[in-house]
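Notes follow once the structure below has been shown.
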Amino acid sequence: MKMANETAPIIRRNRPGTKNKDWCNWEDESFEEMDSTLAVQQFIQQAIRKDFTNVEEILNPPEGQDEGVWKYEHLRQFCMELNGLAVKLQVECNPETCTQMTATEQWIFLCAAHKTPKECPAIDYTRHTLDGAACLLNSNKYFPSRVSIKDSSVAKLGSVCRRVYRIFSHAYFHHRPLFDTYENETYLCRRFTQFVTKYNLMSKDNLIVPIMEDQQTLEGESEA
Amino acid sequence: MIEDGPGSQHGGQLGPGSGGLGMVTKSQQDDGIKQRPQYSMPGILHFLQTEWARFEMERSQWEVERAELQARIAFLQGERKGQENLKQDLVRRIKMLEYALKQERGKYHKLKYGTDLNPEDLKPPTFDKENKDDHIDGEISLSTSSGTGTATWRQGRQLLRQYLQEIGYTDTIIDVRSARVRSLLGLQTQSGDSDADISQSVLVNGDQPNKRDNQGKRAGLKKIGNLANDNALIDTENAVMTTFDFLNSGNVVEDEEDLSDDNEDGIAADDEAEERLERASMKLKGDNEGLTGLDETDADTEEALAEFHFLESEMGGSSEKHESSSGEDEEWVVDQRHISELKEQYKKERKGKKTRPTRHALQAMLASLGGEDDGFTAGVGDGQSLASSGEAREDDIPSGGQISYARKPMMGLQDDDENLDGGLVLGELAGLTVNNEADPVNYDISAPKEGYRKTWSAKYTLRSHFDGVRALAFHPVEPVLLTASEDHTLKLWNLQKTVPAKKAASLDVEPVYTFRAHVGPVLSLAMSPSGEQCYSGGMDTTIRCWNIPKSDIDPYDSFDPNVLSGTLEAHTDAVWGLSIHSSKNQLLSCSGDGTVRLWSPGIKSPLLNTFTVDSEEGVPTSVDFVRCDPNQIVASYTSSNTYIFDMETGAQVLMLETKINSDASGSNQINRVISHPTLPISITAHEDRHIRFFDNNTGKIIHSMVAHLDSVTSLAIDPNGLYLLSGSHDCSIRLWNLDSKTCVQEITSHRKKFEESIHDVAFHPQKPYIASAGADALAKVFV
Ligand SMILES: [Zn+2]
Ligand SMILES: [Zn+2]
């Protein structure tokens, strides 16, 4: 391809026509060199592309990184990647069979996206929660900037985490093969669990998908 | 020289001598009419109208620029005065110390030798005339000298304030700063605070003389003549203190908000019953009890819910705040951190000013303002988008050097900070772009004030995607559009459903529907002529066919699997381009697999034809129907070649001479090809910053122009074929007059992610909307 012809400066672009194998297939850029306002997002996505199984590394912020922004950008990335799980659930998670958002038998989750909370079917809960999270995380009122975030807005991230986590838990307890396929492709639930634990965004009791055991064995020798 | 009113500038513009680059003067235009009598009356009228609009636009731009420069001069003057005062104070201090030293020496001398030193040497230092009487005591002379300096200091400060107000700062910051400056000068800190305390208590008691006494006591002897100055000083200190007070109360309001937020969240966090129903208990209890249980949780949840609904529900709250903050901008209900950020920003700004090359550009503009007409047009060429019209004419003749010199800095700057950089960018941008969309604060300054204006300005910001927006398309009739993003989704937006924003400059829109089916980024998008279906191509190699939900749908309606009406599968790599026929039910796609395909969605075997080229042509990057020939399509390739194919046979009809007319060095692929709606012309957008026009009959080049400062990524043409819209990774979109091939307007629209900025642009087929899609996950609509 012509775009391989670039010599001196690397221009990091996915131009029209780029083949899938060449998507973002460029040399890593160090965080210091990223001079855009979206540097944190770039940095996170770069780490994921490099090795999505290396959860530890992906969650390791660059030196001096503002923690609020770091958490915020990670949560954006989680919600974005959860679209992948939602796409899979849309095929399998039927409103007739999964009439309520449940994980274990103990709780029914009400969907918070409506004026009065509704007992939405699991698939609707999933979609509504992701749509609501997209609105909240892009709200000009609470997150007008992606380079500095008010503490009061950072405080909102916890509740978003709690809600989107239920998508993992529903998939795990009710669509296990689907969950496993997705998890093997993305390591997303592992990353999410470690993320909320590291930054204390959810209480441990709520992390009901038993993925941490796996994680603990993984922590020592980050396997591919 | 700047005082030359807009009238004279205007005159200069209209004057015969000012034709210059890319500007057609009246005489030239008359010539045109004589030479080309085929021009029709409406055509001429149209031309005159567009010319007039352009002149109007330029005029308002110059007015804005003039105000800007005046403010800058005022600022610099103020700064100079401040420096002078500082210098004076320092000199005074040195003299004071010298005097004290001499006295000490005198004492020492007297003790040692029993005689006085030469009394000449002990004469206290003299400063300014006004200060003569204060020399008895060093302390006094210091404090009063600050009083005497006050007049000039205040004047400078006033100018500074004026400047800062124009760029969006208000008194609070200035006062905070000035308090700091004064404390640095050693004039303020302790005395300032006590002063203010006193004066405030005095104000409460209404006991004016008492204050004077206190003042007098504290400062020792006072000269009556200094009273006025003192008053002034105290006044300003009062102002400082009241603004501090105001800040405090602002903090309280903010804290309250935080508190309530916390409560909201606290409930949510503590009581996990929020959104949860204990199934077991429900089963055990009777219906009624179950219902009451529901009610209870409802109460909790409702509060928790406000989080997702706060946008609506908290609007009331924020307007209340408005009132309580006594007419001040809500912006000022901020915490100290924000203020220190602003201060940082301000410092940065000042630092930046010293190094930024555009200062020369500004000076050049200043100089040319005073110069004759030639200089004036040069100035225009230097700073404004019109320069590109010059380029557009003399293609490749490197007036491009000039333009990039003038503009480069603004792109570097853009990345500085998300919402605060606009103020400092504007100084440069005012001369460079019609408006800097990136910063709403600037609106008051940069928006032309005329009632009639043909300039586009940002109206809607579409936030909801999590990653770059790759494509967008308008509904054929409604104020509705679709966006496709790297975040795997498409979103439907109704421009009539806006979120009320605190600043009127730009409205936020929330999506009414999110389309999920693609696995991976969505790269291309096409809307059917009826507006009922749309098609999206993604990295997952599929083309999805969607039934578009009604634009007044409840965003949180239940999932309807029938929204996805079908999937077109045949490509084996990312689908990068889609184009839809305006009347036939036909869709074109191009893919990283090297093929262009023609589809008829909805029929049993939808794939009608596949178009291929030799493998050395690389991969198709963009494809379009040839609008004035029902049997042809045009496709561009990474090799920078462009082919016209026969739709029926799939054979190449013609090769447009895109490659031999492009920059041969390195990567110069075509990013977009579009067909003129009525004429046999194809327009290509190139990685080498050019837009080129080709004749579909001969394949020859018609026109070529350096259109942007970086690769041109996208093109859109208005339904009448009069205007062309282009988007580029230089962060801007540009509107072009297709007759004259001149740039009518440039708008800085998006920020960069890696080296990408703008992925797509679009015209509404009927309504006066244009839109841009950015790598910054935003889409913007301009009216
Ligand atoms: Zn389910
Ligand atoms: Zn719901």
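Observations on the model:
- In order along segment A:14-22, the phi-based Karplus estimate (6.51 cos²θ - 1.76 cosθ + 1.60, θ = phi - 60°) of 3J(HN,Hα) comes to 9, 6, x, x, 3, 6, 4, 5, 9 Hz; Gly and Pro are listed as x.
- Percent accessible area from carbon and sulfur atoms, segment B:489-634, protein chains only, probe 1.4 Å: 47 percent
- Working note: Karplus 6.51/-1.76/1.60 with θ = phi - 60° gives segment B:589-604 the couplings 9, 10, 9, x, 7, x, 10, 10, 10, 10, 10, 10, x, x, 8, 4 Hz, where Gly and Pro are set to x.
- For B:V499, nonlocal amide neighbours, meaning residues 5 or more places apart or on other chains whose placed amide H falls under 5 Å from its own, are B:D508, B:V509, B:E510.
- Counting only other chain Cβ atoms within 10 Å of each residue's Cβ, the peptide B:460-466 averages 5.
- Contact with the other protein chains removes 40 Å² or more of accessible area, compared with the isolated chain and a 1.4 Å probe, from these residues of segment B:565-596: B:D573, B:W576.
- Chain B against chain A buries an accessible area of about 8000 Å², both chains summed, 1.4 Å probe radius.
- Mean Cα-pair separation over length for segment A:68-212, i.e. relative contact order, pairs under 8 Å, 6 or more apart, %: 26 percent
- Share of carbon and sulfur in the accessible area of chain A stands at 49%, probe radius 1.4 Å.
- Spatial offset of segment A:55-76 relative to segment A:167-184 amounts to 25 Å, using the alpha carbon center of each.
- Burial order of peptide ranges B:744-757, B:95-108, B:712-725 (average beta-carbon count within 10 Å, highest first): B:744-757, B:712-725, B:95-108
- Residues whose placed amide H lies under 5 Å from that of B:V619, excluding near-sequence neighbours: B:T638, B:S639
- Projected-area average for segment B:646-707 over all orientations - Cα convex hull basis, square nanometres: 4.7 nm²
- FRET E, pair A:N200, A:K141, Förster distance 30 Å, beta-carbon r, rounded to 0.05: 0.75
- For the pair B:K604 and B:T567, the difference between a 0.36 nm per residue extended length and the Cα-Cα distance amounts to 12.1 nm.
- Sequentially through segment B:767-783, phi angles give Karplus couplings (6.51, -1.76, 1.60; θ = phi - 60°) of 8, x, 10, 10, 9, 9, 10, x, 5, 7, 6, 10, 10, 10, 10, 10, 10 Hz, Gly and Pro residues having no value and appearing as x.
- When nucleic acids and ligands are ignored and a 1.4 Å probe is applied, A:R12 ends up with an accessible area of around 20 Å².
- Solvent-accessible surface of segment A:68-212, averaged per residue with a 1.4 angstrom probe and all protein chains in place: 29 square angstrom.
- Within 10 Å of each Cβ in A:102-112, the average number of Cβ atoms from other chains: 5
- Per residue of B:668-679, other chain Cβ atoms within 10 Å of the residue Cβ number 1 on average.
- Largest-first principal axis extents of the Cα set of segment A:68-212 (Å): 43, 35, 26
- Amide H contacts of B:L656 (H built 1.01 Å from N, in plane; Pro and chain starts excluded): B:T642, B:Y643, B:I644 sit under 5 Å, all sequence-distant by 5 or more or on other chains.
- Solvent exposure of segment B:450-574 amounts to 34 Å² per residue of accessible area, where only protein heavy atoms count and the probe is 1.4 Å.
- At least 40 Å² accessible surface lost relative to isolated chain, residues of segment A:30-75 (1.4 Å probe): A:T37, A:L38, A:Q42
- Order by protection proxy (mean Cβ within 10 Å, highest first), peptides A:99-108, B:628-637, B:459-468: B:459-468, B:628-637, A:99-108
The values are calculated or read from the model by the stated rules, or taken from the named source; none is laboratory data. Keep in mind it's a predicted model, so treat the numbers as computed, not measured. For neighbour counting, all protein chains shown are included, and Cβ atoms are generated from backbone atoms with ideal geometry for every residue, glycine included. All accessible areas refer to the heavy atoms of the entire protein, side chains included, with ligands and DNA or RNA removed. Shrake-Rupley method; radii C 1.70, N 1.55, O 1.52, S 1.80 Å.
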